[in-house]
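Student: I have a structure I would like to understand better, so I am pasting it below and will then ask my questions one at a time.
Each reported figure results from applying straightforward, stated rules to the coordinates on display, with no laboratory input. This structure is a prediction, so every number in the text was calculated from the model and none was measured. In this analysis, Cβ positions are derived from the backbone assuming ideal geometry, glycine residues included, and neighbour counts consider all displayed protein chains.
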């Protein structure tokens, strides 16, 4: 009998281990410890044994039944943990269902990136209207009376407001700098502000020229600011945009509203300064003009240029965005073409 | 502007081992942007002078010849050529295999290869001038004319670049980078700048000493517009070709050689930056007077255009009338003709803005006017005169000067500026020694006297026409010559006055981020001008809409008073590719009214506001769904962007909206925007084919950000609340707003109803005509206890009863 018990036990263990589902396990259970199970049937044979053997065999048999029940319960738990709600052929490689897609215009994104950078340096954000007068577009910015930019061929003048004195002549602003004068007139120095906005030029468009584009001006005016401080400002902007420190150079440039004036170049990010077709083999790319506000501009804003000075940069956002993403046609920005815009989420 | 390095070297001794890359870099950093440094000889690689030994007919082609050409190698080469002027003994330009040429002077350059032409082997190519880019230097008189180099006495095989003096370097300078530097518009000016940069000796141009007694005179009637005029009358000249070197340099600078008399004037202009002009003296009646034109006076220009002048034009005249437009272009009457034997040379100075106005008035900007309009200094006439006379005498040894007159009526004052050295050091952010400062300025031609802290600076004449006028200009000169690279970045220090708190700025950003990120809409940018088609379709009136005087196109003259026309245009553009999309734009709109300025009382600006507009386009015909989506975006906007909320009601239908599906948007009693379905007719006028479009537009200036977040905490319900849906039949025109009022208004239907929300409405099958079924979800609960199901049902019944009583609602029977 002892042998029999042991052989049933080992057979039961094998079947339990092989069981692949709970129902199979249930069958195994009834086959051994159920009412008609083989171990239960053996129990009925105990009375037929010699009396001396009965207690020992009874004990062995009970232990075997307990053991089988225990292993089955262990196995049941194991099967429960392994179980899935889906069939085994479920395909996890099917694509996800995407959340409703929307996005900010890539120039807005760039503008907000820069706003964050400048806010962290304590700059205010200033915004101003698109229509301005010749007085603020040119006069207050030290443009001589016959400067070519004043001609209608460069500026969008408004019908019915395109002649007369400069405070009556109105146009879509050709640049942002006039707005800086407005800010300075209505705030007390020192100044630290940025000024993003759209500007307009009456010109023929192509992949690199647009009639409406975005500028981002930053101006700091205080006592004893030197143009060398401007380098700090420029480095902050570019490292924010490109994520790494970008070598920068300032070279001589001329704009009526600054003195001295600079063209600010950054090292070409495509070739790392070695020279390539993007940078016309010079290793540098012109990114923004800058300089110290011309004494006449500070005067126009009501400041004494002997006391105050500053540093200003004017970033062409379109150009910076084009470099960031490798966009090769500036006209796409105003196209409202979702095939283009959806790429910048 | 293109500059020849060998020409520059006439005036400044640049060391032979000077690294040209460095020269270009230094000029770029300190003075002007050098866009390109071109080794000219590279254009003529693999090109040599060949001598034609034999010309034979081509066996298979009438128009081709088979030439035997000596190109300086052991054996002559056989070259097939279609030239019409091939002669034995002729020197020609031969492009050997590997050379780059343009076929017939057109298209992209192609590489020459050994080839067979109509069955005959041909080594390279005998070239026409325009095939090797020399069409302007050696203009061909007829088609298929081969460049005849017989005048160049060089042996066969001489590299073409050597033979034609093309071993030169061209510096291309960005004109925009030197608009403020009239002194740089010539080879001498750049040479002077290079001399200053590297402290190199500059060649002086010795003034011309006139030695002639005659009654020749010129008269200046307007010293303001013509500060100086030198006339030189000469005989013994004729029209002939100028020497090759002069032609070569004129060509390198980007102009065309014409004839010796014209070439001298152009050459001198390219050298000094001072335009000069030569008149045929026999066509000048009496003497030259420089004066303003009379109203309506006529002048026929060199280019045959007849101008009707106005008194703002300055003209060169003789006793019969105008002969030239001063500083812009000569006239036809006095122009150099083949018969010209006597000339009057004009070396003059004209005031910049006058020249500019005249050139613009007649749309005639010339090499001369573009230089004068930068403000050339009158002292430069001396150099221009000296160089002119040098070349006239070289080219015409028989020449006699028969008259000379120098009217310098408006003498240039050199600019004088006092600069405090302490101020200079402060502004530079670096203290330079007085010696360094003085040296740098003197290299640039300034006269410098230092007395204690004061530095008295006198600008050179060529920088005194407005370029240098204040101490900041002097600072810039010192800084750029010292080298901007040599100044280290210094941190700026400034006071901290408190955190930046700009709620208005933040609100706009929050709204845009809400629309883009939470509502899944795409931001777009459009132009401020609107297409007439969309103005007519959407706005339907142009009253109060501003226009541009010179619009980008005739049908784009109105600038927006609403964002919706351009958004509709954007819908049309995107309809081809997308069937279900929503877009928004935030931009300024303009109105022809309320002229004022918050910044300046003398200024009058029109009303300008920032608007936020949106379009929801869908091909699904379920307009209710589209309407509710758009309304939902507006309803949650105040909550998510932390601004004061708004309400909706119908007061005034927007012209573009469907007759029923529209709402005005209010903040308090003030209307701040509209929303609605684009009317079918408007949609068709816009050219929208299949999409239904919901629009909204908000006046962003009327949106008020909350001072801080205001949503208050509510205690979590202590006892469970239950959602209980009821469906009832209402008259089809009963508004949800009224149902809500009945359930949740001041006299609540049941105190246990915490909230009522709209689930859906249904018309159609099983619903009687004129009725609709509305499903309403009631949230029922109590603060005191857990409600029994009887209590919940009783509350719902109270609601249904009240809806029945007040609005005639019936329980849906099945």
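Student: Sort B:662-668, B:509-515 by the packing proxy (mean of other Cβ within 10 Å over each peptide's residues), most packed first.
Tutor: B:509-515, B:662-668
Student: Mind pulling the angle between the C-alpha long axis of helix B:187-198 and the longest principal axis of chain B? Nearest 10 degrees, somewhere in 0 to 90.
Tutor: Compared with the principal axis, the helix lies near 80 degrees.
Student: Taking the highest mean first, how do the peptides B:335-341, B:453-459 order by number of other beta carbon atoms within 10 angstrom per residue?
Tutor: Ranked by mean Cβ neighbours within 10 Å, highest first: B:453-459, B:335-341.
Student: Right, next: Going by how many other Cβ atoms sit within 10 Å of their own, how do B:593, B:43, B:380 line up, fewest first?
Tutor: With the sparsest Cβ surroundings first, the list reads B:593, B:43, B:380.
Student: Once both labels are modelled 7 Å past Cα along the beta-carbon direction, what's the residue A:91-residue A:281 spacing in nm?
Tutor: Result for the modelled spin labels: 5.3 nm.
Student: Between rounded, prolate and oblate, where does the range B:700-776 land on the alpha carbon gyration tensor, with a ≥ b ≥ c its root eigenvalues, rounded for a/c under 1.5, else prolate if a/b exceeds b/c?
Tutor: Since a/c reaches 1.5 but b/c is at least a/b, the shape of the range B:700-776 is classed as oblate.
Student: Please report the spacing between the Cα centers of the range B:11-89 and the range B:426-455 in Å, no decimals.
Tutor: Taking the Cα centre of each part, the range B:11-89 and the range B:426-455 sit 49 Å apart.
Student: Helix A:177-186 against the longest principal axis of chain A: what's the angle in degrees, Cα atoms only, rounded to the nearest 10?
Tutor: That helix lies at roughly 90 degrees to the long axis.
Student: Counting only other chains, and only Cβ atoms inside 10 Å, what mean value do you get across the residues of A:228-239?
Tutor: 3
Student: Follow-up question, since we're still on this one. What FRET efficiency would be calculated for the residue pair residue B:647, residue B:766, taking the C-beta separation as r and a Förster radius of 41 Å, to the nearest 0.05?
Tutor: 0.70
Student: Go ahead and collect, in residue order, the members of the range B:748-784 whose backbone nitrogen is under 13 Å from a label point 7 Å along the Cα-Cβ direction of residue B:731.
Tutor: B:770-772
Student: Rounded to whole Å and ordered largest first, report the semi-axes of the equivalent ellipsoid of the range B:418-486 derived from its Cα gyration tensor (root of 5λ).
Tutor: One finds semi-axes of 17, 14, 11 Å for the range B:418-486.
Student: Here is a follow-up. Return the equivalent ellipsoid semi-axes of the range B:676-814 as a descending list in whole Å, where each equals the square root of 5 times an eigenvalue of the C-alpha gyration tensor.
Tutor: In descending order the semi-axes read 35, 26, 12 Å.
Student: Here is a further query. Using only the Cα atoms of the range B:63-173, each taken as one equal point scatterer with no solvent, compute I(q) by the Debye sum, divide by I(0), and report log10 of the ratio at q = 0.22 Å⁻¹.
Tutor: Calculated log10 I(q)/I(0) at the listed q: -1.47.
Student: How shielded is A:94-107 by partner chains, expressed as the average number of their Cβ atoms within 10 Å of its Cβ atoms?
Tutor: Averaged over the peptide's residues, the number is 4.
Student: How large is the Kirkwood hydrodynamic radius of the protein assembly as shown, in angstrom, based on all distinct alpha carbon pairs?
Tutor: The Cα-based Kirkwood calculation yields 37.8 Å.
Student: What spacing in nm lies between the two simple spin-label points modelled at residue B:84 and residue B:360, each 7 Å away from Cα in the Cβ direction?
Tutor: 4.7 nm
Student: How much length is gained on full extension from residue B:453 to residue B:106, taking 0.36 nm per residue of separation minus their Cα-Cα distance?
Tutor: In short, 118.5 nm is gained.
Student: Set the Förster radius R0 to 22 Å, insert the Cβ-Cβ distance between residue B:715 and residue B:639 as r into 1/(1 + (r/R0)^6), and round the FRET efficiency to 0.05.
Tutor: It comes out at approximately 0.65.
Student: Could you give the angle, 0 to 90 degrees to the nearest 10, between helix B:564-575's Cα long axis and the longest principal axis of the Cα atoms of chain B?
Tutor: Approximately 80 degrees, to the nearest 10.
Student: A follow-up question, please. What average count of beta carbons from other chains do you get within 10 Å of the Cβ of residues in B:656-668?
Tutor: 0
Student: Pop the C-beta distance of residue B:625 and residue A:343 into the FRET formula with R0 = 25 Å and round what comes out to the nearest 0.05.
Tutor: With R0 = 25 Å, the Cβ-Cβ based efficiency is 0.30.
Student: For a footprinting-style exposure proxy, rank B:166, B:694 by other Cβ within 10 Å, fewest first.
Tutor: By the 10 Å Cβ count, ascending: B:166, B:694.
Student: Let me ask another. Compute the convex hull volume of the Cα atoms of the range B:600-675, divide it by the residue count, and report the result per residue in Å³ as a whole number.
Tutor: 150 Å³
Student: What ranking of A:10, A:87 emerges when the number of other C-beta atoms within 10 Å of each C-beta is taken as an exposure proxy, fewest first?
Tutor: Ranking A:10, A:87 by Cβ neighbours within 10 Å, fewest first, gives A:87, A:10.
Student: At a 10 angstrom cut-off on C-beta neighbours, averaged per residue, how do the peptides A:290-300, B:766-776, A:247-257 rank from highest to lowest?
Tutor: A:290-300, A:247-257, B:766-776
Student: Taking just the alpha carbons, could you work out the radius of gyration and Dmax for chain A, both in angstroms?
Tutor: Values for chain A (Cα only, Rg and Dmax): 40.7, 132 Å.
Student: Give the distance, in whole Å, between the Cα centre of the range A:46-73 and the Cα centre of the range B:100-150.
Tutor: 113 Å
Student: Right, next: Report the extension gain between residue B:319 and residue B:486 in nm, rounded to one decimal, defined as 0.36 nm multiplied by the number of residues separating them, less their alpha carbon distance.
Tutor: 54.1 nm
Student: Could you give the length gained by full extension between residue B:689 and residue B:145, i.e. 0.36 nm per residue of separation minus their alpha carbon distance, to one decimal place?
Tutor: Using 0.36 nm per residue and subtracting the Cα-Cα distance, I get 189.9 nm.
Student: Oh, and also: Quick check on chain B: helices-only [θ] at 222 nm, where DSSP H runs of length 4 and up contribute -39,500 (n - 2.57) each and the sum goes over total residues. Nearest 500, please.
Tutor: Helix-only estimate at 222 nm: -7000 deg cm²/dmol.
Student: Find the centroid of the Cα atoms in the range A:240-282 and in the range B:244-259, then give the distance between the two in whole Å.
Tutor: 35 Å
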